[in-house]
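In what follows, a single structure is set out as structure tokens and then discussed.
The values are calculated or read from the model by the stated rules, or taken from the named source; none is laboratory data. Everything numeric here is computed off the predicted structure, so don't read it as measured data. These accessible areas exclude ligands, DNA and RNA; they are computed on the full protein's heavy atoms, side chains included. Shrake-Rupley method; radii C 1.70, N 1.55, O 1.52, S 1.80 Å.
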Amino acid sequence: MKTEVSERNVSALSSADSENRNSSLKDEDIRFIDLRVDFAFKRVFATPGNEELLKMLVDSILPELHVRTLTLGNQENLGDSEDGRKTVFDLKAVTGDGQTIVIEMQLARKSDFNDRLVYYSTFPIREQVRAGHRNYRLEPLYIIAIMDFSMDGDRTTEGVINSFCIRNDSDSSRLLTDNVHYVTVELPKFRKGVDSLESLSDRMIWLLRNMGSLKSVPEEFSGKGFEKLFDISNFVAMTYEEQMEYLAKFHAELDRRSELETAINDGRAEGRAEGLAEGEAKGEAKVRRETAAKLKAAGVAPDIISQCTGLSADVIETL
């Protein structure tokens, strides 16, 4: 028999605009998990047995690859990151043609996120060499960032999906290499309504933005091959433990996003790059502790709190 989730308020992540971002739901009103939350994204696309859903996701972003098969890879990198911790990808897969695809879901804006994408690419590149290649000829690599924010500065375009390569500064038609690609999917730029969806790309991106706010399956998705995605995303069908883990990570993601946006705005107001970086770092450290304290008070297991916040068991015990 399924245990009922205790009632408490859960602020919904934005589905299309700032008004939705400020709305509030009760746990029993949640029908589907929000695919922008790390737990939900991995549950749907990075779980063995769901490779056909992953293929749909890749086809919706990079249809030109004509992917036939996908095999989930080891999500943990082979080397240590700069802060001494392992870098774990949200999702890594290899196609039947030997192409490596890394996908990161990023909810909160990061001032250095563009550089992070380049940093992430170094791990699968080194892995190819370590795998026994006798030369430095790379197999095609795609680093995909699904972002719930838009890129700033010179990289801004009108397109939802953008692809970047290493090109010649004076002649953009000439590539340094055609085997390393950085792809961004900027969700806020997608503004189509559910009745205007035409392609697989439209439908998948719309679901990435709106799944968490749905109360039922839209008629527009009937017979379009999304049945399993809706089944796996059904919050009510999850076990009590799964619901608790999702809600814990939901709160953690929402709090982190709010704090980081505040820190970034404060940094911009100061007009200094160091102010932005310092504010962002302080904001993230603060939200980790505050979120952990809230989850601990709500009775969430320490190991789940540690997963959500990155804090050690010793730190959590002191809160």
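Once the 1.4 Å probe is applied to the protein heavy atoms, region 154-241 comes out at 55 Å² accessible per residue. Holding the Cα-Cα limit at 25 Å, pick out from Lys224/Lys249; Lys110/Lys286; Lys92/Lys249; Lys215/Lys296; Lys42/Lys228; Lys215/Lys249 the pairs that are longer than that. Violating the 25 Å Cα-Cα cut-off are Lys224/Lys249; Lys215/Lys296.
Projected over all directions and averaged, the alpha-carbon convex hull of region 154-206 occupies 4.8 nm².
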